[in-house]
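**Student:** Questions regarding the structure given below will be posed in turn.
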């Protein structure tokens, strides 16, 4: 995951909201339980909450931040019908793709050292709101990340008297998987482990999944 802009001593982050005192004497007392509650109907007792759709953007962010998925997330995926070995392949594939994207982003601004120089400059010259906006955008995938990086590069070059040569690239839209079974089948293909191009195609289809 690409490094974010850190606040300098002269620029501090937004203040955390003040929390209430759990022992505040003015807090409302808990409502007393009543013994005459209406009995649940059989349908109400047996009803369950509908399952939420799988959030692959959240999974991707978790892998970028922690390098893996938590046991809770893995359990969530397994319950949705995705075997653990496929989940592990998904983690490895996502990490490889994220590393590849990060390298491409660094290369687009002249390498990791150049990027770090821009980040250091931005920490001293960006406003608090601009730092927050950049850090939020750079941790997302796709166009927002590239737009934020190109904007940082343009401002850095303008401030340092260098030519502004930001170039964009056209990205083809990829159709997403329509079901878990379709995704599992694609990830079970040997090319998912051995072919970076095929793995990138699968990861893009995961991001656009419709189930």
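Each reported figure results from applying straightforward, stated rules to the coordinates on display, with no laboratory input. Just so it is clear, the model here is predicted, and its values are computed rather than measured. Backbone-built Cβ (ideal geometry, glycine too); neighbour counts: all protein chains shown.
**Student:** With r as the distance between the Cβ atoms of residue 72 and residue 181 and R0 = 30 Å, compute the FRET efficiency 1/(1 + (r/R0)^6) and round to 0.05.
**Tutor:** On the way: r = 24 Å, r/R0 = 0.78.
The value I calculate is 0.80.
**Student:** Now a separate question. Please give the FRET efficiency for residue 88 paired with residue 129, using the beta carbon to beta carbon distance and R0 = 41 Å, rounded to the nearest 0.05.
**Tutor:** The pair residue 88/residue 129 has a calculated efficiency of 0.55.
**Student:** Once you put a point 7 Å from the Cα of residue 116 and another 7 Å from the Cα of residue 96, both along the Cβ direction, what distance in nm separates them?
**Tutor:** Result for the modelled spin labels: 2.8 nm.
**Student:** Subtract the Cα-Cα distance of residue 201 and residue 188 from 0.36 nm times their separation in residues, and report this length gain in nm to one decimal.
**Tutor:** Once the chain is fully extended between residue 201 and residue 188, it gains 3.3 nm.
**Student:** When the Cα centres of region 68-100 and region 173-211 are compared, how far apart do they sit, in Å?
**Tutor:** Here the two parts' Cα centres lie 13 Å apart.
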